[in-house]
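The values are calculated or read from the model by the stated rules, or taken from the named source; none is laboratory data. All values reported here derive from a predicted model rather than from experimental measurement. With ideal geometry, Cβ positions are generated from the backbone for all residues, glycine too; neighbour counts draw on all protein chains shown. Heavy atoms of the whole protein, side chains included, go into the accessibility calculation; ligands, DNA and RNA do not. Shrake-Rupley method; radii C 1.70, N 1.55, O 1.52, S 1.80 Å.
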Amino acid sequence: MLHRIKNSQTFWVIILVLSSGFFLFVLLASLYVDTQNQSDTALAIRNWVSGSYFSPLFKEFGSFAANDTIVGVFLSFAAAMISGAIIYVFKIPGMRRIAIVTLAFGYCQNFLSRLIRYCYQTQSHFRILLIMPSYGLIENPDDYWDIFKAFLKNKGFVLEETRADERFARHSFLVSRKNSPMPIPLYVDIPTTLRSLSKIIELEANTPVGQLQNLKWARHRFKKLVADFVIAIREQVPDESFGNVRFIICETPGDFADKISAEVDALEAELLEYARICGLYSIY
């Protein structure tokens, strides 16, 4: 609960507004009760507050604020809260954004953009499905992708490893049905680079590496950071390629297989329609 509040942007915006308001109120209350101050600002404050509903509050609080020591404590407290809130509202989200954009940039430059280029060079219709992982990628990194591949095979699909570009840092995978003569141009990939998000989560939780205690909160934060990663990828994928790049967000292998099946059906229908229009006898 505390982690969720600490990382809530809304919470820190509220703290920033309240602290700034309190800071201003202390200054105004001090001027209000300081009758020896005849500046235009002080007179305007007295004219505005006198006779209003705020007058008792300004008088009561102003009597304390008139003491230099007390007003110093109040202002120091408000300034500290403002400084802390500014860090959480602006600086930390900015640093987190930079980290996620950097991950997305590396993934696009080293893999996704090359795969898109290869697909345009070799196929008229294609799909690239980016499987956004759950927190299980961090909990079981060695088994995570193998579990998905095994589940797909049990559902009647075949995964074929291919190196579409010798410069690829890793293989890509084509999906087809078991009885299909050859794979259709549908590629799937899980951005395993998202394992790095665990470092952001550990820093936010202020815990040693590998010692997260609140796994429920960690899973929730991972999901939010993955959503930010998706946004960063969308910003880097060219507009003309955007319709061919899809994101699949799933929590279970079963959900993953169902969504893959739907994408296979849709692409096969598109290929059949393309073949019909072109007068072809085979979509392959």
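When residues in region 149-195 are screened for being open to solvent by less than 30 Å² (accessible area, probe 1.4 Å), modelled with pLDDT of 80 or more and either under 28 Å from residue 101 (Cβ atoms) or not aliphatic (A, V, I, L, M) (or both), 11 of them pass.
Residues in region 69-83 that are modelled with pLDDT under 75 and open to solvent by less than 70 Å² (accessible area, probe 1.4 Å): 70, 71, 72, 74, 75.
In the set (1) open to solvent by less than 20 Å² (accessible area, probe 1.4 Å); (2) at pLDDT 75 or above; (3) within 27 Å of the chain's Cα centre (by Cα), the condition left unmet by residue 271 is number (3). I'm trying to understand the selection: among the residues of region 131-160, which are without any contact (Cβ under 8 Å) to a residue 60 or more places away in the chain, closer than 26 Å to residue 234 by Cα and touching a strand residue (DSSP E or B) at 6+ places or on another chain (Cβ under 6 Å)? If the condition is that a residue be without any contact (Cβ under 8 Å) to a residue 60 or more places away in the chain, closer than 26 Å to residue 234 by Cα and touching a strand residue (DSSP E or B) at 6+ places or on another chain (Cβ under 6 Å), then 149, 159 are the ones that fit. Name every residue in region 138-148 that is open to solvent by less than 60 Å² (accessible area, probe 1.4 Å), assigned to a helix (DSSP H, G or I) and either modelled with pLDDT of 80 or more or farther than 20 Å from residue 258 by Cβ (or both), in order of residue number. Of everything in region 138-148, just one residue is open to solvent by less than 60 Å² (accessible area, probe 1.4 Å), assigned to a helix (DSSP H, G or I) and either modelled with pLDDT of 80 or more or farther than 20 Å from residue 258 by Cβ (or both), namely 138. Taken over region 222-246, the criterion of being open to solvent by 40 Å² or more (accessible area, probe 1.4 Å) and either part of a helix (DSSP H, G or I) or within 30 Å of residue 140 (Cα to Cα) (or both) is satisfied by 223, 224, 227, 231, 234, 235, 236, 239, 240, 242, 243, 246. Could you check region 114-137 and list, in sequence order, the residues that are open to solvent by 40 Å² or more (accessible area, probe 1.4 Å) and either part of a helix (DSSP H, G or I) or closer than 14 Å to residue 193 by Cβ (or both)? The answer is 114, 117, 118, 120, 121, 122.
Condition first: part of a helix (DSSP H, G or I), modelled with pLDDT under 75 and surrounded by 12 or more Cβ atoms within 10 Å (Cβ to Cβ). Can you find one or more residues in region 13-22 that meet it? Full working, then the answer.
Of all residues in region 13-22, those part of a helix (DSSP H, G or I) come to 13-22.
So of that shortlist, the ones also modelled with pLDDT under 75 come out as none.
No: zero hits.
Checking region 114-133 against the condition returns a match, with at least one residue being within 21 Å of residue 222 (Cβ to Cβ) and not aliphatic (A, V, I, L, M).
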